[in-house]
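Report on one structure; see the data block that follows.
The values are calculated or read from the model by the stated rules, or taken from the named source; none is laboratory data. No experiment lies behind these values; they were computed from the predicted model shown. Note that we place each Cβ from the backbone using ideal geometry, even for glycine, and neighbour counts take in every protein chain shown. Side chains included, ligands, DNA and RNA excluded: accessible areas come from the protein's heavy atoms. Shrake-Rupley method; radii C 1.70, N 1.55, O 1.52, S 1.80 Å.
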Amino acid sequence: MKVAVVGATGMVGEVMLKVLAERNFPITELVLVASERSVGKKLSYKGEEYSVVGLADAVASKPDIAIFSAGGDTSTKWAPKFAEAGTTVIDNSSAWRMDPTKKLVVPEINASELTKEDKIIANPNCSTIQLVMALAPLHNKYKMKRVVISTYQSVSGTGVKAVQQLENEIAGIQGEMAYPYPIGRNALPHCDVFLENGYTKEEMKLAREPQKILDDRTFSVTATAVRIPTAGGHSESVNVEFYNDFDLADVRKLLSETPGIVVQDNPDTNTYPMPIYAHDKDDVFVGRIRRDETQRHTLNMWIVSDNLRKGAATNAVQIAEFLVENDLV
Ligand code: A2P
């Protein structure tokens with residue numbers, strides 16, 4: 001496969017290259033792409049050096065697959081140009097996610113929907129991916145009615161500038177601010193921009209994307225998304241009301257038997273998922289599984305995952321693997 005990584009110099013791009021190498025993705029030619037500022041810059045992949053190229057050159061090189069992680073504007077403008085050249089685009093931005101003509105894919109859940117005709121495939125939001133990974137098996141068995149989620153999101157989800165802001169604050173250095181307030185020793189109930197309805201864009205991604213991925217509009221999701229001073233890994237407190245009753249032991253069994261999920265749940269040994277231990281792992285970790293005693297058929301749980309891996313790079317590479325394995329590219 002001739003593969004282009006668009007946004008190769010960015011935070012997700014860096015993890016993307018690491019994941020492609022680790023999983024030994026069948027690459028015959030690699031095209032590393034970033035903004036004009038980075039053209040000529042050298043990046044290494046599996047010990048070899050590559051020069052970064054611009055987007056126009058990358059389209060002209062007609063890759064089989066282009067994995068985009070360069071922001072919504074770049075995707076909106078350039079993904080269709082790649083698609084027209086015959087390239088299949090896997091896009092990490094929010095640009096195409098809710099477009100009814102594009103698939104929104106978490107491979108473990110709905111990769112089977114993909115066909116050769118899908119030339120732009122959307123990767124869901126990082127917080128959505130780890131949420132639906134845990135919800136999907138439970139929804140299939142007990143049928144969800146309503147989900148209430150509060151997130152505790154790391155600064156790496158915002159990008160390099162935000163990681164730098166946190167590091168500067170810890171070191172006591174005055175520097176550029178990625179957020180409107182300090183993030184160290186703080187919690188900002190503000191991820192992405194505010195919308196007219198008073199929610200943030202991140203909260204509305206969590207409200208809408210799960211319905212599309214699970215292809216079911218009979219349940220609803222309401223969200224509060226909060227940025228906290230962790231370097232990497234998003235955590236989520238999730239309350240799920242089902243139509244049908246469940247047995248807690250069955251819930252644990254079902255989750256632990258689901259590929260991509262690891263249950264870490266033992267109050268006796270203080271065992272529960274935490275972002276520092278989810279770092280650099282591809283799994284979604286679930287713990288604090290308990291019944292909501294205030295309402296029938298309702299479950300509380302805590303979900304943690306590495307937002308740059310399963311939340312972005314790993315999910316995108318898994319989509320690419322599915323395309324190759326099923327001869328869809
Ligand atoms: P560059 O390094 O040249 O700016 P992050 O989210 O970590 O800041 O990374 C964003 C990624 O998207 C980087 O690789 C960045 O490249 C790339 N990028 C940003 N704007 C553009 C653009 N207009 N065209 C192509 N790549 C872009």
remark   = So, with points 7 Å from each Cα along the Cβ direction, the SER256-ALA85 label distance in nm works out to 4.9
inquiry  = Set the bar at 23 Å for Cα to Cα. Now go through LYS81/LYS102; LYS41/LYS62; LYS205/LYS253 and name every pair that lies beyond it.
reply    = LYS205/LYS253
request  = Report the GluC sites (Glu not before Pro) located in the stretch 229-273 that are in a DSSP loop and have at most 12 other Cβ atoms inside 10 Å of their Cβ, or state none.
outcome  = GLU257
inquiry  = Compute the angle between helix 11-22 and the longest alpha-carbon principal axis of the chain, please, reported from 0 to 90 degrees and rounded to the nearest 10.
reply    = 90
note = Only helices counted: for the chain, with every DSSP H run of 4 or more residues adding -39500 (n - 2.57) and the sum spread over all residues, [θ] at 222 nm is -9000 deg cm²/dmol
message = Show me the GluC sites (Glu not before Pro) within the stretch 106-140 that DSSP assigns to loop and that have at most 13 other Cβ atoms within 10 Å of their Cβ.
response = GLU117
ask   = Classify the stretch 217-326: rounded, prolate or oblate, from the alpha-carbon gyration tensor (a ≥ b ≥ c, eigenvalue square roots; a/c under 1.5 rounded; otherwise prolate if a/b is larger than b/c)?
value = prolate
request  = Can you tell me the dipole magnitude for the chain around its Cα centre, using point charges on the Cβ only (Lys, Arg +1; Asp, Glu -1), in Debye to the nearest 20?
outcome  = 360
query = Given the chain, what percent of its DSSP beta bridges are antiparallel, to the nearest 5?
reply = 50
query = To the nearest 10 degrees, how steeply does helix 201-213 sit against the main Cα axis of the chain, on a 0 to 90 scale?
reply = 90
task = Within the chain, what's the longest run with no trypsin sites (Lys or Arg not before Pro) in a DSSP loop and at most 14 other beta-carbon atoms within 10 Å? Give the range, please.
result = 218-295
query = How high is the FRET efficiency between ALA56 and LYS143 when r is their beta carbon distance and R₀ equals 51 Å, given to the nearest 0.05?
reply = 0.55
query = With a ≥ b ≥ c the root eigenvalues of the C-alpha gyration tensor of the stretch 6-165, is it rounded (a/c under 1.5), prolate (a/b larger than b/c) or oblate?
reply = prolate
query = Quick one: if the Förster radius is 35 Å, what FRET efficiency do LYS161 and ASN300 give, using the C-beta to C-beta distance and rounding to 0.05?
reply = 0.55
query = So which residue, out of ASN123, ASN239, ASN24, gets the largest mean-square fluctuation from a GNM of the chain using Cα contacts under 10 Å as springs?
reply = ASN24
key: Cα-based shape type of the stretch 57-125, given that a ≥ b ≥ c are square roots of the gyration tensor eigenvalues and the cut on a/c is 1.5   = oblate
note = With x for Gly and Pro, the residue-by-residue ³J(HN,Hα) of the stretch 159-164, computed from phi through the Karplus equation 6.51 cos²θ - 1.76 cosθ + 1.60 at θ = phi - 60° and given in whole Hz, is x, 4, 4, 6, 4, 5
query = Rolling a 1.4 angstrom probe over the protein heavy atoms, how many square angstrom per residue are accessible across the stretch 108-150?
reply = 33
